[in-house]
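For reference, the structure discussed in these notes is given below.
The values are calculated or read from the model by the stated rules, or taken from the named source; none is laboratory data. This is a predicted model, so every value here is computed, not measured. Glycine gets a Cβ as well: all are built from the backbone with ideal geometry, and neighbour counts include every protein chain shown.
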Amino acid sequence: MPLPPIDQADAAPEVRAVYDDIKATRSVPDVNNFWKMIAHHPPTLARTWDSLKEVMAPGALDPLVKEMIFVAVSVTNNCQYCIRSHEAAARRLGMTDAQFGELMAVVGMANETNRLAVGYQVELDERLK
């Protein structure tokens, strides 16, 4: 039986502090279930939130591109929760249905050609080394 999510009212002070930062940073009224589940180990909650904030912040890649990459990796890893969560974030940042469709086409093609290259044990071309 899975652990229950930890709601703010039931959270330890160090967990509440992370929840408050998530809510303030994302301008949301509550944290989602991902955070409520990893809150069972407060050091993992804090480390993951700090890392995610840093990695997903604007930089050389804009936030929409980062969210779309997150969706692509989540599809490949078969993480339904992450797919839906980051698809929603990407859509809030302006991802269109056409962009989502092309993203899924690229993910599918990359997975297919990756598996073919692995299956055929294709050697790396000299110019790519």
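Couple of notes before you dig in:
- If the condition is being exposed (fewer than 12 other Cβ atoms within 10 Å of the Cβ) and among the hydrophobic types (A, V, I, L, M, F, W, C), then region 107-129 contributes MET109, LEU116, VAL118, VAL122, LEU124, LEU128.
- In region 29-44, the qualifying residues are those that are more than 11 Å from the chain's Cα centre (by Cα) and touching a residue at least 24 places away in the same chain (Cβ under 8 Å), and the one that is surrounded by the fewest Cβ atoms within 10 Å (Cβ to Cβ) is ASN33.
- Residue pairs whose Cβ atoms lie under 8 Å apart, sitting 6 or more positions apart in sequence or on different chains, and linking a residue in region 77-101 that is outside the structural domain of VAL28 (by TED's automatic domain parsing) to a partner that is assigned to a loop (DSSP other than H, G, I, E, B) and surrounded by 11 or more Cβ atoms within 10 Å (Cβ to Cβ), are SER85/ASN32; GLU87/MET95.
- Pairs meeting the criteria (first residue in region 104-129 and closer than 22 Å to VAL65 by Cα, second residue surrounded by 10 or more Cβ atoms within 10 Å (Cβ to Cβ) and of a type in the set (A, V, I, L, M, F, W, C), beta carbons under 6 Å, at least 6 apart or on different chains) are VAL107/ALA72; VAL107/VAL75.
- Candidate set from region 87-106 (those that are of a type in the set (Gly, Ala, Ser) and part of a helix (DSSP H, G or I)); member that is surrounded by the most Cβ atoms within 10 Å (Cβ to Cβ): ALA90
- Candidates in region 16-32 are the residues that are assigned to a helix (DSSP H, G or I) and hydrophobic (A, V, I, L, M, F, W, C); of these, the one that is farthest from MET56 (Cα to Cα) is ALA17.
- One residue from ARG47, ARG84, ARG26 being closer than 25 Å to PRO5 by Cα, at pLDDT below 95 and either crowded, with 16+ Cβ neighbours inside 10 Å or under 17 Å from the mean Cα position of the chain (by Cα) (or both): ARG26
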